[in-house]
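**Student:** Here it is: the structure, laid out below.
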Amino acid sequence: MTTYNFAAGPAMLPPSVLEQVCADIPDWYKGMSVMEIGHRTPPFNELAEALKQKIKTLLKVPDSHTILLMPGGARMQFALLPMNFISKGQQANYVQSGYWSESAALEAKRVGNVHIAASSESKQYQQIPIDKEWQISQNAAYVHYTDNETIHGVEFHQTPNIEGIPLLTDMTSSLLAKPIAVEKYSLIYASAQKNIGPAGLTVVILDKSFAQRATPGLPKMFDYTNWLETDSMYNTPATFSWYVANLVMDWLIKEGGVEAIYRKNQKKSEKLYQFIDESDFYQNTIEASSRSRMNIPFLLADSTLEERFLEKAEEQGLMQLKGHRLVGGLRASLYNAMPESGVDALIKFMKDFQRQA
Ligand SMILES: *Cc1c(COP(=O)(O)O)cnc(C)c1O
């Protein structure tokens, strides 16, 4: 029986990557594992450069931007953005489309002045607030939004159209899953454990001229210019996570790159949405044009069947389908590494479960 892991994060990794990890562990370099090698040695440096180069190529990152590999997860970025980029008299603008963007705004409020430019909270986060309706304040330091809301299951399918104000985004659950126009952003961040690799690494794509606005004198761990100057090697990085991420990038290149994986992601998510929409046993309540391609929350018409659904699914090797406690129900995360056969197996199980219920 094949196991398909639908976790929202930490999420499944491509099986071929796991096999490579197993093969490499005892002897990655001269009889030592990658976890036992200095982060400033030539072999590790080579890996770090290769990883950055692959991300740059896959996402067509222009030379105006640099790639930082940082610790602390997305939540550390929630804190660092306002610390670095709200200057005196400025307001940070946040767009709220679900739990993660709300959390980012709450953290920014601990640091500086925040203006909520738009929110779909009154719509229970069932759709994204469209950019035409964003009310950006006069003295905006930046505008922040969350590209894909992992818990609520809504996604921006286009870059919001804003002019003249730095645009920052949390792409933790969507980076490398679709082509993006990197040049439109001043800063993009994504912690690794959804689409990139194991937890412990956060990829930041930063416009170098925007970085110069960073508040001077911050502790170095919190200062983007320090991360730029030290080439992401200020302190000991999560070397194992970097190593696995590098293998995941190799896998993604072999899969045909971001355009190719995007087409697969479209196909996978459309299959599942279509099945759910045609059923009166399962339901997804998200407004159609805001639906996420990565995280698909769904409900059973009879919610008392949820426990049994999860139990039976596990018996079939369909793992971690429980919805987030905030929204309840069930959730299938279909990140890059999830093959179409996993979606087919899930749909087949859902049909069988309905028949037997
Ligand atoms: C998972 C997730 C986070 C939290 O990431 P951490 O690395 O745990 O801080 C933030 N934003 C989004 C969109 C996520 O999916």
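**Student:** Which one of Ala104, Ala50, Ala79 is surrounded by fewer than 19 Cβ atoms within 10 Å (Cβ to Cβ), touching a helix residue (DSSP H, G or I) at 6+ places or on another chain (Cβ under 7 Å) and closer than 25 Å to Pro179 by Cα? Can you show your working first?
**Tutor:** On the way: Ala104 fails: surrounded by fewer than 19 Cβ atoms within 10 Å (Cβ to Cβ); Ala79 fails: closer than 25 Å to Pro179 by Cα.
Of the residues listed, the single one that is surrounded by fewer than 19 Cβ atoms within 10 Å (Cβ to Cβ), touching a helix residue (DSSP H, G or I) at 6+ places or on another chain (Cβ under 7 Å) and closer than 25 Å to Pro179 by Cα is Ala50.
**Student:** Restricting to segment 334-349, name every residue that is out of contact with any Leu (no Cβ under 9 Å at 6 or more places or on another chain) and either crowded, with 18+ Cβ neighbours inside 10 Å or outside any helix (DSSP H, G or I) (or both).
**Tutor:** Listed by number, the residues that qualify are Tyr335, Met338, Pro339.
**Student:** Checking the structure you have, find out if any residue of segment 68-91 is within 17 Å of the chain's Cα centre (by Cα) and closer than 21 Å to Val258 by Cα.
**Tutor:** yes
**Student:** Give segment 87-104 a look and list any residue that's touching a Phe, Trp or Tyr at 6+ places or on another chain (Cβ under 7 Å) and of a type in the set (Ser, Thr, Tyr), or say none.
**Tutor:** Listed by number, the residues that qualify are Ser97, Ser101, Ser103.
**Student:** Something else now. What's the total number of residues in segment 1-16 that are surrounded by 19 or more Cβ atoms within 10 Å (Cβ to Cβ), within 18 Å of Met249 (Cβ to Cβ) and more than 16 Å from the ligand (Cβ to nearest atom)?
**Tutor:** Matching residues across segment 1-16 total 1.
**Student:** Are there strands (runs of 3 or more DSSP E) fully within segment 71-147 with at least 2 residues that are within 16 Å of the ligand (Cβ to nearest atom)? List them.
**Tutor:** Working: elements: 91-96, 114-119, 140-146.
Answer list for segment 71-147: 91-96, 140-146.
**Student:** What is the number of the single condition among (1) in contact with a Leu (Cβ under 9 Å, 6 or more places away or on another chain); (2) part of a loop (DSSP other than H, G, I, E, B) that Ile188 does not meet?
**Tutor:** So the condition that Ile188 fails would be (2).
**Student:** Inspect segment 153-165 for any residue being in contact (Cβ under 8 Å) with a residue 12 or more places away in the chain, away from the ligand (no atom under 12 Å from the Cβ) and of a type in the set (D, E, K, R) and give the result as yes or no.
**Tutor:** The answer is no, given that none of the residues of segment 153-165 is in contact (Cβ under 8 Å) with a residue 12 or more places away in the chain, away from the ligand (no atom under 12 Å from the Cβ) and of a type in the set (D, E, K, R).
**Student:** What number of residues within segment 277-307 are of a type outside the set (Gly, Ala, Ser) and in contact (Cβ under 8 Å) with a residue 40 or more places away in the chain?
**Tutor:** Restricting attention to segment 277-307, the residues satisfying the condition of being of a type outside the set (Gly, Ala, Ser) are 277-278, 280-287, 291, 293-300, 302, 304-307.
Keeping just the survivors that are in contact (Cβ under 8 Å) with a residue 40 or more places away in the chain gives 281-282, 284-287, 291, 293-297, 302, 305.
Qualifying residue count for the region: 14.
**Student:** Return yes when Lys60 is away from the ligand (no atom under 13 Å from the Cβ) and at positive phi and no when it is not.
**Tutor:** yes
**Student:** While we're on this one: Pairs under 7 Å by beta carbon, first residue of a type in the set (Val, Ile, Thr) in segment 59-79, partner more than 16 Å from the ligand (Cβ to nearest atom) and assigned to a strand (DSSP E or B), six or more apart or different chains?
**Tutor:** Going by the 7 Å Cβ cut-off, the qualifying pairs are Val61/Ile67; Thr66/Leu206.
**Student:** In addition: Taking the condition of being touching a His at 6+ places or on another chain (Cβ under 6 Å) and either in a loop (DSSP other than H, G, I, E, B) or more than 15 Å from Val143 (Cα to Cα) (or both), how many residues in segment 166-181 meet it?
**Tutor:** Residues meeting the conditions: 0.
**Student:** Listed residues Met1, Met12, Met32, Met83; which is modelled with pLDDT under 95, of a type outside the set (Phe, Trp, Tyr) and over 20 Å from Met233 (Cα atoms)? So that I can check it myself, show each step before the final result.
**Tutor:** Values: Met12 fails: modelled with pLDDT under 95; Met32 fails: modelled with pLDDT under 95; Met83 fails: modelled with pLDDT under 95.
Residue meeting the stated conditions: Met1.
**Student:** For Ala177, state whether it is modelled with pLDDT of 95 or more, surrounded by 22 or more Cβ atoms within 10 Å (Cβ to Cβ), aliphatic (A, V, I, L, M) and within 28 Å of Lys52 (Cα to Cα).
**Tutor:** The answer is yes for Ala177.
The values are calculated or read from the model by the stated rules, or taken from the named source; none is laboratory data. Here the structure is a predicted model, which is why all the values come from computation and not from measurement. Heads up, the Cβs are rebuilt from the backbone with ideal geometry, glycines too, and the neighbour counts pull from every protein chain shown.
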